[in-house]
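One structure below.
Any read-out appearing in this document is the output of simple, stated calculations on the displayed coordinates, not a laboratory observation. Quick caveat, the model's predicted, so the values are computed rather than measured. Neighbour counts run over all protein chains shown; Cβ positions are idealised from the backbone, glycine included.
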């Protein structure tokens with residue numbers, strides 16, 4: 001007599017949808033997230049803590065974290081501007097939208113995190129940098145968002161969006177941070193360091209259609225421009241910058257060769273700068289750095305380009 005053995009198919013995790021109104025719910029949902037999961041945060045609720053997104057989504061099934069309302073966004077509150085990250089992303093393929101991030105030493109930190117999309121995110125009242133793509137984090141986008149009131153603890157580290165790592169940190173973090181996009185972001189007031197700082201070792205960063213409000217740039221630690229470019233093949237296009245009488249801003253954009261072979265081939269196209277007087281340059285490249293520039297305008301008329309700008 002034949003004996004039949006029946007095999008059951010392995011269980012496949014199914015995407016889940018959860019709505020959270022407490023910090024413990026959000027912490028649990030992130031810890032257990034699977035590709036395709038949707039975590040909805042209740043409108044207007046403040047979630048206090050340091051939240052970690054370590055699970056991986058996929059290209060076809062991102063992990064979504066979203067506010068239930070675009071007009072009454074939930075708030076991720078880190079609890080203090082002196083320590084911690086309000087949102088720490090170490091996984092791949094996230095979609096984050098309609099949330100506010102505040103009251104942390106660093107607002108949103110990404111370490112070796114790839115293909116994250118952030119849209120309609122407001123980052124404000126942060127001790128140091130607002131958003132940081134670090135440790136090889138690549139192919140990420142922040143769009144249609146705002147970053148303001150950063151550097152409350154340390155103005156010299158109060159960048160709006162920080163891409164990559166300083167050469168002094170290359171022993172701790174992967175330097176190759178590639179193809180990140182900053183699009184239609186409103187910076188300021190009171191972003192106390194550069195609105196965007198693109199570090200040596202990174203490449204292919206795009207900053208486009210952004211607005212820079214220079215009120216509050218503090219000038220500490222050489223933070224004296226809207227954008228500081230030290231990576232390679234970065235594209236800065238169709239942005240609008242307002243110096244707003246801030247004498248700490250000495251140029252709109254600067255390009256530096258911080259490390260030999262870096263600070264190369266930056267492109268500046270179609271930017272409009274309101275610089276108060278004739279002195280600040282639109283693009284200032286230092287020795288060893290290279291850039292191209294076209295169709296940029298400044299008001300009033302005055303200095304345009306300095307250094308190796310073609």
- Item | Order of 237, 230 under a 10 Å beta carbon neighbour criterion, fewest first | 237, 230
- What's the Cα-based Rg to Rh of region 178-310, Rh via Kirkwood? 0.92
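Any chance you could run the full-extension gain for residue 297 through residue 248? It's 0.36 nm times the residue separation minus the Cα-Cα distance, nm to one decimal. Each step should come with its number before you reach the end.
Working: separation 49, 0.36 × 49 = 17.64 nm, distance 2.07 nm.
Roughly 15.6 nm would be gained on extension.
Taking only DSSP H segments of four or more residues, each worth -39500 (n - 2.57), what value at 222 nm results for the chain once the sum is divided by all its residues, to the nearest 500 deg cm²/dmol? Numbers along the way, then the final one.
Values: 1 runs with 9 residues, N = 310.
Computed mean residue ellipticity for the chain: -1000 deg cm²/dmol.
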- Protection-proxy order for peptides 74-82, 98-106, 134-142, each taking the mean of Cβ atoms within 10 Å per residue, highest first: 98-106, 134-142, 74-82
- Message: Suppose the chain between residue 71 and residue 181 were pulled fully straight at 0.36 nm per residue; how much longer would it get relative to their current alpha carbon spacing?
- Response: 37.1 nm
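For a quick protection proxy, order the peptides 299-307, 59-67 by their average other-Cβ count within 10 Å, most packed first.
Working: 299-307: 13.9, 59-67: 18.7.
Ranked by mean Cβ neighbours within 10 Å, highest first: 59-67, 299-307.
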- Please work out the Cα center distance from region 105-138 to region 170-187, rounded to the nearest Å. 9
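Using Cβ contacts closer than 10 Å as the measure, can you line up 69, 203 from fewest to most? If you can, show how the numbers build up before the last one.
Details: 69 14, 203 22.
In order of increasing Cβ crowding within 10 Å: 69, 203.
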- Query: residue 156 to residue 61: extension gain in nm, 0.36 nm per residue of separation minus the Cα-Cα distance?
  - Reply: 30.3 nm
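What does the convex hull of the Cα atoms of region 36-306 come to per residue, in Å³, rounded to a whole number? Could you put the intermediate results ahead of the total?
Details: hull volume 29.7 nm³, N = 271.
Each residue corresponds to 110 Å³ of Cα convex hull volume.
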